[in-house]
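Contents: one structure, followed by commentary.
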Amino acid sequence: MIKWYLIKEIRKIEPPVLSIDIGGTKIAMALVNGRGDIIARKTRPTLASRGPEAVIENLSSGIEDFLSESEIRPEGLNAISMAVAGVIDMKRGLITVSPNLPGWNNIPLRKIIYDKFKITTFLLNDADAAALGEYFYGAGQGLNTIIVLTLGTGIGGGIIINGKLYFGHSVSAAEIGHMVIDTNGPKCACGNRGCLEALASGTAVAREAISRIRRGGQSSLVEIAGGKPENITAEMVHRAAKEGDSLACEVIDRAAYYLGIGVVNLLNIFNPEMVIFGGSMAQMGDLLLQPVRQIISEKAYPHMVKSTSIVQARLGNDAGILGAAVYAMEQ
Ligand SMILES: [Zn+2]
């Protein structure tokens, strides 16, 4: 929805950032002003299966349409800032590889969009963007050192140390989802075994529920999934667990256990003030977070536990959009 009156007022004061969250199924675009208000937004399908050229074409025409509907010319923008899942080469503005975008290898998306619109363009990892969003406008406001885990089909991470997003030496760091938890564990999409993502993401939760039912486990999930266990999702497991289904509760406890182990490692290394859980699986709230807190209190270095809170994210799906905008404003 476009708030025309706001656009006209805000434009007088400060040029907005065009913030874009490029996901596997949809591209979410928003105009964000310096106060972190989303003054207009629009989404369109990504069309990821059609490959890089088609997606870039779709993205460019999406930007053009959105700007023209908002009556803003590219030069009226502060910047364009894009958040994408995957390994991002920050220095060169490359999408090295992305789990959501098949066929994307070393695509210089930042330069492509800059060349087209001639506006300063930024590209960052979507979980890093979500961390910045939660830090500036969400659960982490006013703190110094926080870690944000985005739990969805995969697990993304963002680390903020003394108010600054931590990037590695060559690419976006904080691949918390690929922290190895169990060297004999299930295979991960990255090729390794027993990564946190392979044990505790939404995909892992659904897979574990399906496997238990196939081995004869009794659960209301079969009915929830319309008699087809293969259609079980993490959201269904959450629903069944809330109603007291014991198989669903066990599956969530198992994911929480591994998340807890992952967070123990993070606490012992970074000693953050807060660990924030976002993404679709964080909707499970205390059903997931309480057992995580329990594991941490049992296994983390004791001094770390006392000073760290484990909380749910506040910004929902807007964390990435707002964080990408903040990133551009800070440069
Ligand atoms: Zn992995």
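Here, each number is a calculation from the coordinates, and none is a lab measurement. From a predicted model like this one, the values you see are computed outputs, not experimental measurements. Because the Cβ atoms are built from the backbone with ideal geometry, glycine has one as well, and the counts that use them run over all protein chains shown.
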Quiz item: Does anyone have the angle between helix 52-69 and the longest principal axis of the chain? Alpha-carbon axes, 0 to 90°, nearest 10?
Solution: 60
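How much of the DSSP beta bridge set in segment 1-151 is antiparallel, as a percent to the nearest 5? Display every interim value, and only then the final one.
Values: 19 of 30 bridges.
Antiparallel bridges: around 65 percent, rounded to the nearest 5.
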Quiz prompt | Between segment 170-235 and segment 278-331, the Cα center-to-center distance that results, in Å | solution = 20
Quiz prompt | Loop-exposed trypsin sites (Lys or Arg not before Pro) per DSSP, neighbour cap 12 Cβ within 10 angstrom, longest uninterrupted part of the chain | solution = 216-331
Self-check item: Cross-link table LYS26/LYS242; LYS91/LYS164; LYS26/LYS111; LYS91/LYS118; LYS164/LYS187, entries beyond 25 Å C-alpha to C-alpha
Solution: LYS26/LYS242; LYS164/LYS187
Quiz item: Which semi-axis lengths, in whole Å and largest first, follow from the square roots of five times the eigenvalues of the Cα gyration tensor of segment 64-142?
Solution: 22, 20, 11
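In debye, nearest 20: dipole of segment 108-166 around its Cα centre with unit charges on the Cβ of K, R (+) and D, E (-)? Write out the running numbers ahead of the final one.
Details: 5 positive and 4 negative charges, 62 e Å.
So the dipole magnitude of segment 108-166 works out to roughly 300 debye.
Would you please report the Å³ per residue occupied by the convex hull of the alpha carbon atoms in segment 123-226? If you can, show how the numbers build up before the last one.
Working: hull volume 15.4 nm³, N = 104.
That works out to 148 Å³ per residue.
Report the full-extension gain for the segment LYS228 to GLN141: residue separation times 0.36 nm, less the Cα-Cα distance, to one decimal in nm. Spell out each step's value before the answer.
Values: separation 87, 0.36 × 87 = 31.32 nm, distance 4.33 nm.
Stretched out fully, the LYS228 to GLN141 stretch lengthens by 27.0 nm.
How big is the Cα convex hull of the chain in projection, averaged over all directions, in nm²? Spell out each step's value before the answer.
On the way: hull surface 69.2 nm².
Over all viewing directions, the chain projects a mean Cα-hull area of 17.3 nm².
Where the only charges are on Cβ atoms (+1 Lys, Arg; -1 Asp, Glu), what is the dipole of the chain about its Cα centre, to the nearest 20 debye? Walk me through the numbers before you get to the answer.
Working: 32 positive and 32 negative charges, 48 e Å.
With only Lys, Arg, Asp and Glu charged at Cβ, the dipole is about 220 debye.
Please grab the % of Cα pairs in segment 21-101 that end up more than 22 Å from each other.
Across segment 21-101, Cα pairs with separations above 22 Å total 28 percent.
Which semi-axes, in whole Å and largest first, does the equivalent ellipsoid of segment 242-305 have when worked out from the alpha carbon gyration tensor as the square roots of 5 times its eigenvalues?
Details: eigenvalues 104, 31, 14 Å².
Semi-axes from the Cα gyration tensor: 23, 12, 8 Å.
Work out how much length ASP182 to ASN268 would gain on full extension: take 0.36 nm times their residue separation and subtract the Cα-Cα distance, in nm to one decimal.
Answer, rounded to one decimal: 29.2 nm.
Only Cα pairs under 8 Å and at least 6 apart count here; give the relative contact order of segment 182-331 as a rounded whole percent. If you can, show how the numbers build up before the last one.
On the way: 182 pairs, mean separation 27.9, N = 150.
Taking the mean separation of contacting Cα pairs over the length of segment 182-331, I get 19 percent.
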Self-check item: Farthest toward positive dipole pole in the chain [+1 Lys/Arg, -1 Asp/Glu at C-beta], among PRO52, GLY227, SER68
Solution: PRO52
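What is the local net charge at ALA174, summed over the other residues whose Cβ is closer than 14 Å to its Cβ (Lys, Arg +1; Asp, Glu -1)? It would help to have the intermediate numbers written out before the result.
Working: positive: LYS164; negative: ASP126, ASP128, GLU134, GLU175, GLU197.
Cβ neighbours under 14 Å give a net charge of -4.
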Quiz item: Normalised by the residues of the chain, what does the relative contact order come to in percent, with Cα pairs under 8 Å and at least six apart?
Solution: 18
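May I ask you to compute the full-extension gain from GLU243 to SER49, defined as 0.36 nm times their residue separation minus their alpha-carbon distance, rounded to one decimal in nm?
66.1 nm
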